[in-house]
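Some notes on the structure that comes next.
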Amino acid sequence: MCVVCEQVLSAYDFEQHADAKTRHCTLRPNSVMKRKGTADAGTKKRDNFLHQSLFMPKGLPDGAELAYFVKGQKKFIQKLIEGYKQGSGIVCGCCERELSPSQFEAHAGMADRRQPYRHVRTSNGLTLHDIALSLSNGQRITTDIGDDMCSICGDSGDLLFCHECCQAVHPACLNLGHLPEGDWHCANCADENGLGRKAVSGESSRIARPIVIRLTRVVKAPEFEIGGCAICREYDFSSTTFDDRTIIFCDQCEKEFHVGCLRDSGQCDLKEVPKDKWFCCDDCKRIYGALQSSVSNGVQIIPTSFSNVIRRRHLEKGLFIDEATDCVQWCILNGKSHYPEDLPLLSSAAAIFQECFDPIVANSGCDLIPAMVYGRSISGQEFGGMYCVVLIVRSVVVSAGLLRIFGREIAELPVVATTREHQGKGYFQALFACIERFLSSLNVESLMLPAAEEALSIWTEKFGFTKMKEEQLMNYQKQLQVTVFKGTSVLVKKVQQIPNNSVNLPDNFPSE
């Protein structure tokens with residue numbers, strides 16, 4: 001009860017009332033404070049235990065958008081600061097520092113509240129305390145449904161969403177003759193929750209619907225304007241008529257050119273927008289042709305020297321060696337090619353990346369992994385030039401990487417992963433050797449990739465990468481849509497120009 005106006009208020013409303021009265025209100029009976037002390041201490045202890053679940057596995061995902069809210073005048077909610085969940089804390093959007101929830105509250109200017117979990121909210125309006133309660137009741141957290149892509153074939157259209165994990169699929173890709181009635185669960189969620197075959201085919205379940213959380217951007221945006229004509233470096237363009245300021249994109253390196261600049265530089269004199277593929281130089285045309293040829297060639301047996309790496313790794317670990325280690329295959333895939341035999345391989349590669357990495361998210365909250373694997377455009381980012389390279393053992397994809405070649409000068413390998421079951425067996429070493437040999441055959445000069453801090457020593461000491469200079473990275477970012485993630489360092493190495501395309505593999509190749 002407030003001693004000034006004698007209103008009976010809840011703890012939260014009393015807090016707001018104190019703000020309005022410049023905090024000269026106090027609780028009247030001290031005995032009330034004493035009687036409530038034990039109960040409040042017990043509640044706080046229970047809440048502390050409850051809130052720990054937010055930062056544990058299967059808790060709030062890294063990248064979840066958060067903000068500190070207070071009630072303003074006329075009960076309007078006011079946002080004070082924004083951030084996103086990372087590890088065991090919150091990264092502030094204004095200063096990029098990682099803070100505890102209490103520090104985040106203090107950073108918002110509300111240190112005296114001492115209730116961060118009841119004032120920090122997610123993108124869907126729930127407080128951290130609400131999320132923790134839901135987790136304790138068995139609900140799961142999933143990221144935003146926004147990929148609008150089938151997880152099997154990579155196409156959009158009329159999709160069916162798993163009630164548990166929100167995975168999207170076409171009914172036809174599951175050989176379902178009609179849409180299931182009630183809640184549908186994918187095979188993985190049905191197995192995990194013991195729902196059996198009926199739930200997979202559409203029987204309703206009593207499992208609580210997951211909490212949908214939108215993730216913050218993890219793809220690091222350049223701090224300067226990107227793109228522009230590769231010749232004049234200007235950003236203006238004509239969008240309604242074909243003239244000298246019309247922009248043309250190279251279908252391999254993805255650089256932009258003004259039609260007038262191309263003519264003035266003597267590269268080509270275009271009279272209209274090309275109806276077919278257009279390349280800025282012979283190197284880009286040659287690389288594009290080689291990539292398409294590799295995709296159409298399909299699965300290939302890896303060279304014997306690469307198989308020996310796998311055999312040696314198996315021997316070192318005392319693992320059983322059979323004929324499978326002598327017929328390991330690899331191939332280059334492109335989601336736009338729509339070869340039916342490639343779709344299961346692309347789906348397996350996407351599953352490996354999602355197994356090994358947290359969602360790679362764009363500004364919209366959509367997971368970029370499916371778009372990168374299938375070479376699609378999403379959230380203003382174009383991945384049409386992205387190819388998926390996989391290593392196959394007994395018809396199973398065990399290791400995968402995403403490759404994009406920006407012409408002869410540079411290529412990027414933004415994501416690589418090996419299934420946990422097959423890590424440490426030499427499979428990634430063999431896949432990387434296949435990629436480097438392929439780049440060497442195209443005379444590509446350098447390969448770049450983003451590396452997490454814990455993996456820096458492996459890439460630099462064992463694979464020969466070095467940290468890319470900031471100036472060099474900025475130059476690439478101004479011309480190309482290179483992929484850079486927050487919290488990573490960009491590394492680069494010269495591609496071995498090897499006679500007969502044989503790659504020298506070091507004896508001390510690291511485990512994946």
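For the stretch 396-406, check the following and say yes or no: at least one residue is closer than 14 Å to Ile310 by Cβ, over 18 Å from the mean Cα position of the chain (by Cα) and assigned to a loop (DSSP other than H, G, I, E, B).
Scanning the stretch 396-406 turns up no residue that is closer than 14 Å to Ile310 by Cβ, over 18 Å from the mean Cα position of the chain (by Cα) and assigned to a loop (DSSP other than H, G, I, E, B).
Name the residue that is farthest from Leu54 (Cα to Cα), counting only residues in the stretch 85-101 that are open to solvent by less than 70 Å² (accessible area, probe 1.4 Å) and not in a loop (DSSP other than H, G, I, E, B).
Step one: filter the stretch 85-101 for residues open to solvent by less than 70 Å² (accessible area, probe 1.4 Å), giving 85-87, 89-93, 95, 99-101.
Remaining after also requiring not in a loop (DSSP other than H, G, I, E, B): 85-86, 89-92, 99, 101.
Values: Lys85: 10, Gln86: 11, Gly89: 10, Ile90: 12, Val91: 15, Cys92: 17, Leu99: 15, Pro101: 11 Å.
The residue in question is Cys92.
Can you tell me how many residues within the stretch 351-367 are closer than 28 Å to Asn297 by Cβ and either at pLDDT 85 or above or assigned to a loop (DSSP other than H, G, I, E, B) (or both)?
Number of matching residues: 3.
(1) modelled with pLDDT under 85; (2) out of contact with any strand residue (DSSP E or B) (no Cβ under 6 Å at 6 or more places or on another chain): which one isn't true of Met110, the others all being true?
Unmet for Met110, out of (1) modelled with pLDDT under 85; (2) out of contact with any strand residue (DSSP E or B) (no Cβ under 6 Å at 6 or more places or on another chain): (1).
Under the condition of being over 29 Å from Phe279 (Cα atoms) and either aliphatic (A, V, I, L, M) or in contact with a Pro (Cβ under 9 Å, 6 or more places away or on another chain) (or both), which residue from the stretch 396-427 is surrounded by the fewest Cβ atoms within 10 Å (Cβ to Cβ)?
Just the residues of the stretch 396-427 that are over 29 Å from Phe279 (Cα atoms), to begin with: 396-399, 417-427.
Now restrict to residues that are either aliphatic (A, V, I, L, M) or in contact with a Pro (Cβ under 9 Å, 6 or more places away or on another chain) (or both): 396-398, 417.
Numbers: Val396: 13, Val397: 26, Val398: 23, Ala417: 19.
Of everything passing the filter in the stretch 396-427, Val396 is surrounded by the fewest Cβ atoms within 10 Å (Cβ to Cβ).
In the stretch 412-431, what count of residues is obtained for those that are without any contact (Cβ under 8 Å) to a residue 40 or more places away in the chain and within 29 Å of Gln381 (Cβ to Cβ)?
Number of matching residues: 2.
Kindly establish whether Ala132 is in a helix (DSSP H, G or I), at pLDDT 70 or above and under 27 Å from the mean Cα position of the chain (by Cα).
yes
Look at the stretch 117-129 and say how many of its residues are closer than 18 Å to Asp62 by Cα and assigned to a helix (DSSP H, G or I). Break it down stepwise before answering.
The first filter runs over the stretch 117-129 and keeps only residues closer than 18 Å to Asp62 by Cα, leaving 117, 120-129.
The next check asks that each one be assigned to a helix (DSSP H, G or I); those that pass are 117, 128-129.
Going through the stretch 117-129 one residue at a time, the tally reaches 3.
Which of (1) assigned to a loop (DSSP other than H, G, I, E, B); (2) under 14 Å from Ile141 (Cβ atoms) does Arg114 not meet, given it meets every other one?
It fails just one condition, (2).
Between residues in the stretch 445-469 that are over 19 Å from Ala417 (Cα atoms) and residues that are open to solvent by 30 Å² or more (accessible area, probe 1.4 Å), which pairs lie under 7 Å by C-beta distance while being six or more apart or on different chains?
Glu445/Arg408; Glu445/Glu409; Glu445/Lys494; Ser446/Glu409; Ser446/Lys494; Thr466/Thr460
Is it the case that the stretch 243-261 has a residue that's aromatic (Phe, Trp, Tyr) and open to solvent by less than 30 Å² (accessible area, probe 1.4 Å)?
Residues of the stretch 243-261 that are aromatic (Phe, Trp, Tyr), as a first pass: 249, 257.
Still in the running and open to solvent by less than 30 Å² (accessible area, probe 1.4 Å): 257.
Among the residues of the stretch 243-261, at least one is aromatic (Phe, Trp, Tyr) and open to solvent by less than 30 Å² (accessible area, probe 1.4 Å), which makes the answer yes.
Can you confirm whether Gly384 is in a loop (DSSP other than H, G, I, E, B) and open to solvent by 10 Å² or more (accessible area, probe 1.4 Å)? Working first, answer last.
Details: in a loop (DSSP other than H, G, I, E, B): yes; open to solvent by 10 Å² or more (accessible area, probe 1.4 Å): yes.
Against the criterion (in a loop (DSSP other than H, G, I, E, B) and open to solvent by 10 Å² or more (accessible area, probe 1.4 Å)), Gly384 qualifies.
Only one residue in Leu270, Leu291 is closer than 16 Å to Arg404 by Cβ and either touching a helix residue (DSSP H, G or I) at 6+ places or on another chain (Cβ under 9 Å) or touching a residue at least 24 places away in the same chain (Cβ under 8 Å) (or both). Which one? Steps first, answer last, please.
Numbers: Leu270 fails: closer than 16 Å to Arg404 by Cβ.
When all the criteria are applied, what remains is Leu291.
Take the residues in the stretch 463-490 that are among the aliphatic types (A, V, I, L, M) and within 27 Å of Gln429 (Cβ to Cβ), then tell me which one is surrounded by the most Cβ atoms within 10 Å (Cβ to Cβ). Give the derivation first.
Here is the first cut: in the stretch 463-490, the residues among the aliphatic types (A, V, I, L, M) are 468, 473-474, 480, 482, 484, 490.
From the residues that got through so far, the ones that are within 27 Å of Gln429 (Cβ to Cβ) too are 468, 473, 482, 484, 490.
On the way: Met468: 21, Leu473: 18, Val482: 20, Val484: 18, Val490: 23.
Once the filter is applied, the top-ranked residue is Val490.
For the stretch 434-462: of the residues being outside any helix (DSSP H, G or I) and of a type in the set (S, T, N, Q), which is surrounded by the most Cβ atoms within 10 Å (Cβ to Cβ)?
Initially, the stretch 434-462 is screened for residues outside any helix (DSSP H, G or I), giving 442-452.
When the remaining residues are screened for being of a type in the set (S, T, N, Q), the result is 443, 446.
Numbers: Asn443: 12, Ser446: 18.
This residue is Ser446.
Answer with yes or no whether Leu315 is assigned to a helix (DSSP H, G or I), without any contact (Cβ under 8 Å) to a residue 60 or more places away in the chain, open to solvent by less than 40 Å² (accessible area, probe 1.4 Å) and over 16 Å from Leu431 (Cα atoms). Spell out how you get there, then give the answer.
On the way: assigned to a helix (DSSP H, G or I): yes; without any contact (Cβ under 8 Å) to a residue 60 or more places away in the chain: yes; open to solvent by less than 40 Å² (accessible area, probe 1.4 Å): no; over 16 Å from Leu431 (Cα atoms): yes.
When the stated conditions are applied, Leu315 does not pass them.
The values are calculated or read from the model by the stated rules, or taken from the named source; none is laboratory data. Because the structure is predicted, anything quoted here is derived from the model rather than measured. Counting neighbours? That spans all protein chains shown, and the Cβs are built from the backbone with ideal geometry, glycine included. Only protein heavy atoms, including side chains, enter the accessible area calculation; ligands, DNA and RNA are left aside. Shrake-Rupley method; radii C 1.70, N 1.55, O 1.52, S 1.80 Å.
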